[in-house]
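Beneath this line is the structure, given in structure tokens, with notes to follow.
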Amino acid sequence: MVNRPCLGCGCLIPSGSRCTDCQRPLNNHYQRGRKGRTASDWRWRKLSAKLRRLSPFCEKCSATTDLTVDHVITPTERPDLIYEELNLRVWCRTCNSTRGDRCTDAERQQVLGSITRRRRRSAA
């Protein structure tokens, strides 16, 4: 068996990619960085898969590969709308990354108006 260099410190190890000193702790709930959402957030994964299944193309350029679900109003601005389907859209990774985390006032008003109308209908 050939020893390999550790990705962390470079010392030779018999197997794996990191030595025991450089291994990251095993924690399935590590922080992703966005308002406490975790990598194992099953609710987000389930919702994302559902939306990509219902809309199997980019809503901006019609691409059918490398699809992501994008928040119109970012979670940093409105964390209460993270799982709101009216605040989500399916875009390809290219369109999503070029947009960044910007949201126009027209997009914001459209989403908030749709949410308000739906809540009024369900309350009546």
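The values are calculated or read from the model by the stated rules, or taken from the named source; none is laboratory data. Owing to the predicted nature of the structure, the values given are computational and were not obtained by experimental measurement. Cβ atoms come from the backbone with ideal geometry, glycine included; neighbour counts cover every protein chain shown.
Just need a number here: residues in segment 37-79 that are on the phi > 0 side of the Ramachandran plot and of a type in the set (Ser, Thr, Tyr).
Taking segment 37-79 and keeping what is on the phi > 0 side of the Ramachandran plot, we get 62, 66.
Remaining after also requiring of a type in the set (Ser, Thr, Tyr): 62.
Number satisfying all stated conditions: 1.
Take the residues in segment 22-69 that are out of contact with any helix residue (DSSP H, G or I) (no Cβ under 7 Å at 6 or more places or on another chain) and of a type in the set (Val, Ile, Thr); name whichever of them is modelled with the lowest pLDDT.
The extreme case among them is Thr38.
Name every residue in segment 44-72 that is assigned to a helix (DSSP H, G or I) and among the hydrophobic types (A, V, I, L, M, F, W, C), in order of residue number.
Correct list: Trp44, Leu47, Ala49, Leu51, Leu54.
For Trp91, work out the one condition from (1) part of a helix (DSSP H, G or I); (2) surrounded by 13 or more Cβ atoms within 10 Å (Cβ to Cβ) it doesn't fulfil.
Result: Trp91 passes all but (1).
Would you call Pro75 out of contact with any Phe, Trp or Tyr (no Cβ under 7 Å at 6 or more places or on another chain) and either loosely packed, with under 15 Cβ neighbours inside 10 Å or among the hydroxyl-bearing types (Ser, Thr, Tyr) (or both)?
no
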